[in-house]
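Q: I am attaching a structure below and will ask some questions about it afterwards.
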Amino acid sequence: MADRLRWARERAFVGRSEEIAVFRRALAGEADAAAVIYVHGPGGVGKSTLLRRFADESRDAGRPVVEVNGRLVDPSPAGFESETAGSPVDAVLLIDAFEHCQGLEMWLYERFLPSLPQQTLVVVAGREGPSPSWTSQLAWSELLAVVPLGDLDPSDAERLLELRAVAPAVRAQVLAFAGGHPLALSLAASVAADGYGARWAPTPDVLTFLLSQLVGEVPTQVHRLALEVAAHAMTTTEGLLRAVVGEDRGAEMFTWLRRLPVADWGRQGMFLHDLVSDAIDTDLRWRDPQGYEEMHRRVGHHLLEQARTASPAAAMVAIRELSYIKRYGSMGSYFQMRREGDFHEDTLRPGDHDAVRRLIVQAEGPESAAIVDFWLERQPEAFWIYRETVTGEPVAFMTWLRLSEPRADETAADPVLAQMWEHVGRTSPLRAGEHAMLARFFIYPPAYYEISPVLHLMQLRVCADWIRSAGLAWSFIISPYPRLWEQLMEHLGHEAATALDWPNGHTYTLFACDWRTTPLSIWFDRTQPGGLTDEASTPTTGAPTATLTRAEFDAAVRDALRDWHREDAIAASPLCRARMVTIQPGYVAEHAAQMLRELLTDAVDSLSVDPREAKLHRVLATTYFHRVPNQMIAAERLSLPYSTYRRHRQRGLERVCELLWKRETAERSLPVSHL
C-alpha cells in the first residue's frame, strides 16, 4: 500500500524539475552541492508538496527522514531541538512552515545548523526568504542554496489539470481562472470550475466559494461542524472533535477531514491550509454568529481542560492554542502575533540579576529598581526571563508574585503590594489555603507595556497560572496605560481596583479579579471573541469612504507603515476609511485597523515574489515590522551602507504606494499579488 501511495504521489506531481535537481545533487553529496536548501514562496504555492517529494526521494535513497512543522513546534530553541532530538547522523531534516517560527532564523544558522553532523541534509521551507545577514555570509555561500518557488509554468499547469481528469474543453477556463497557482489549480480542478474570465489569486472570499463547491453539500451537519472546528483551532485531534461533535462521531470526522485536499497533519494533530481555515472561519463568524459562539465555547472548554490537567509543557501548548482561537474579534489585536521565535521564556539564572536591574532602571527608574532588588532577594522564583533567541541575552522580565498573607516588610518595601492587600482586605479577604498573584512588573523597554511578542509570552504565562494554580483567590495586573489595556482586562474579568502615582511620571492602575466568584468555565464563556452577536459583526456594505488625493494617499501609507505597531494611530489613519479597506469581504468598521494592517503587510510581502524587488521587501519588513529603534540600526541589521539602505527604503515605499493606489482605484477589490 505504501508503494502504491508513493506511486500515486509521484504520478500527480508536476513541474519543479530545477528544484528537484538541486535536491538530488545535495542528496548524492556532490562536491559543489548545498548542505542546506531554503525554499520560499507565498501560501499555497506548493512548498509542502515539494517537501513530501523530497521525503520520498530521500527514503528511496535509504536516508532517514525527520520532519518538523514550524506551525506546530514550540517557537523556542528548546522546543525546536526537542523535535529533532535523536536524529540519525545521515538524516534528511525537512522543516516546513518556517514562517510560523521565523524569529528562530538567526539561531538556526548560527547555532543549530553548525551543530549538526556533516552528513545531515537540511531543507527549510517558508513564506519568507532567508535574511540578508544569512545569505551575505561568505561561510554560507557554498553551503546554502536559496530556492524561490513561484507559480507553475503554463505547460506544467496544463499537465496538472490533465492528471486531475479535467475535460479538455474546460481546461482553458480553469487556467484563466486559476493561473499557475498550484492550490488554486487543485481546488478548481476538483470542482471542474468554469465560466470565470478573470485571473485569480486565493483570497478568502474566492476560497469560500471554491470550498463550497469542493466540499459541496457536506454529508451531515456534524461534518460541517467538524470542518468549522478544524478551521477555528490551531490543530485538530480526535479528542477535540469528540468534545465538540460527540464521543461517537469524533474518529469518523477526523478520518473524513484528513481526506480533504486542503488538510495536512503533524505530530500534534491535523490542520487546514491557512488560507482555507481563514476563509471558513470568517464565513461562519458573520453567517451564523450564534453557532460560531457555541463552537468556540466547546473548543475552548476542551483546551481549557487540557491546560488544567496536562503536564506543564503540554499545558503551555494548550494555552497557546487557547490564545490562537481568540485571533478574531474585538480582542484580536491583543492575541494576533505575526511572528514568533525571536524571544523565548526562561527561568531566572544566577547571572541574570544585573540584567534585570539594568532593564528596570532603563524602563522605570531607581525607585522601581529598589523594589526589584527586594523581590529578587525575597521571591526569586517569581521572576521569568525573556531572552533573545539569537544571543540568549535577557531583554525582558516579568515578576509574577505568589502571596498568601500581608507582611509588614513587604508592604513597606512595595507600595503597590500595600494597595493590593488594602483592596483584598476591604473587598474579600483570603481564606485558609488561598493565595493571591500579582503581576508586579512586565518589563520590556523597547515596547514598555505595549502589545508585543514579548508581552504575548508573558500573557501566556499569566494565563497558565490562572488556569492551573490551585487555591487562587485573587489575581492583579498592573499597567501604566490603563486605556490601552482596559478592554482586554474587562474581557479577562479584571476590573480597575486602585491607582498609584509614581516618581517617573506614570500613574499605575491595578486591575483585579476575584476567582472565587468567577469559576474557570464561566470565565472562559465571558471571554468570547467579542461582538459575535452584535449587528456590527455582520459584513457592512456602503461604508463611508475617505476621498484622498494621490499625494495624501501616499503620505497616509507612509504614516501607517511608521505606526504599524500602534493600534491607536492605525485606527486614526484616513486609510481606514479608504475604499480599499471598506470594500474588503466581511468589512466591519471596528476592525478597519486590522484590515488596514493586513493590506499593508500584504503589499510589503508582495515585493518578495520578484527577485528584483526582494531587497526592497527586506528593507521595509525590517524597518516597519521588526521594531528596530531607528533607521541606522535597521541598516546595520541588514548589513547595508546607510545610503544604500535609504535608497532601497525610498524605492520600496514608492512601490508599496503604487500597489495600494492601484488597489484603491481599481474597479473591484483585487489582491495585491494580482495587481
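Q: Simple spin-label model, 7 Å along Cα-to-Cβ: residue 373 to residue 258 in nm?
A: 6.0 nm
Q: With label points built 7 Å along Cα→Cβ from the Cα atoms of residue 324 and residue 165, find their separation and express it in nm.
A: 3.4 nm
Q: What nm distance separates the two modelled labels at residue 30 and residue 48, each placed 7 Å from Cα along Cα→Cβ?
A: 3.1 nm
Q: Also, I was wondering about something else. Taking the Cα of residue 644, stepping 7 Å toward and past its beta carbon, and measuring to each backbone N in segment 106-145: which are under 14 Å?
A: 132-138
Q: Follow-up question, since we're still on this one. Just by accessible area at a 1.4 angstrom probe, what is the order of 647, 249 from largest to smallest? Before the final figure, lay out each step's value.
A: Details: 647 140, 249 55 Å².
Most to least solvent-accessible, the answer reads 647, 249.
Q: Given R₀ = 45 Å, FRET efficiency for residue 297-residue 631 by Cβ-Cβ distance, to 0.05?
A: So, using R0 = 45 Å, E works out to roughly 0.45.
Q: Taking 37 °C and 0.692 mPa s as the conditions, I'd like the Stokes-Einstein D for segment 1-108 in µm²/s, using the Kirkwood hydrodynamic radius from alpha carbon pairs.
A: My calculation gives 218 µm²/s for D.
Q: Between segment 127-196 and segment 340-379, how many Å separate their Cα centres?
A: 49 Å
Q: Follow-up question, since we're still on this one. For an R0 of 30 angstrom, estimate the FRET efficiency from the Cβ-Cβ distance between residue 499 and residue 565 and round to the nearest 0.05.
A: E between residue 499 and residue 565, to the nearest 0.05, is 0.70.
Q: Provide, for q = 0.18, 0.21, 0.26, 0.27 Å⁻¹, the log10 of I(q)/I(0) from a solvent-free Debye sum over equal Cα point scatterers in segment 219-283.
A: The calculated log intensity ratios at q = 0.18, 0.21, 0.26, 0.27 Å⁻¹ are -0.55, -0.75, -1.17, -1.25.
Q: Using helices alone, what [θ] at 222 nm do you get for the chain, with -39,500 (n - 2.57) per DSSP H run of 4 or more residues, divided over all residues and rounded to the nearest 500?
A: Values: 30 runs with 329 residues, N = 675.
About -14500 deg cm²/dmol.
Q: Here's something else I'd like to know. Just the Cα atoms of the chain: what Rg and Dmax do they give in Å?
A: Rg then Dmax for the chain, in Å: 26.0, 85.
Q: So, one more: For residue 78 and residue 654, FRET efficiency with R0 = 41 Å and r from the beta-carbon atoms, rounded to 0.05? Intermediate values should be presented prior to the final figure.
A: Values: r = 43 Å, r/R0 = 1.04.
Efficiency, rounded to the nearest 0.05: 0.45.
The values are calculated or read from the model by the stated rules, or taken from the named source; none is laboratory data. Because the structure is predicted, anything quoted here is derived from the model rather than measured. Ideal geometry is used to build each Cβ from the backbone, glycine not excepted, and the neighbour counts take in all protein chains shown. Please note that ligands, DNA and RNA were not included when accessible areas were found on the heavy atoms of the full protein model with its side chains. Shrake-Rupley method; radii C 1.70, N 1.55, O 1.52, S 1.80 Å.
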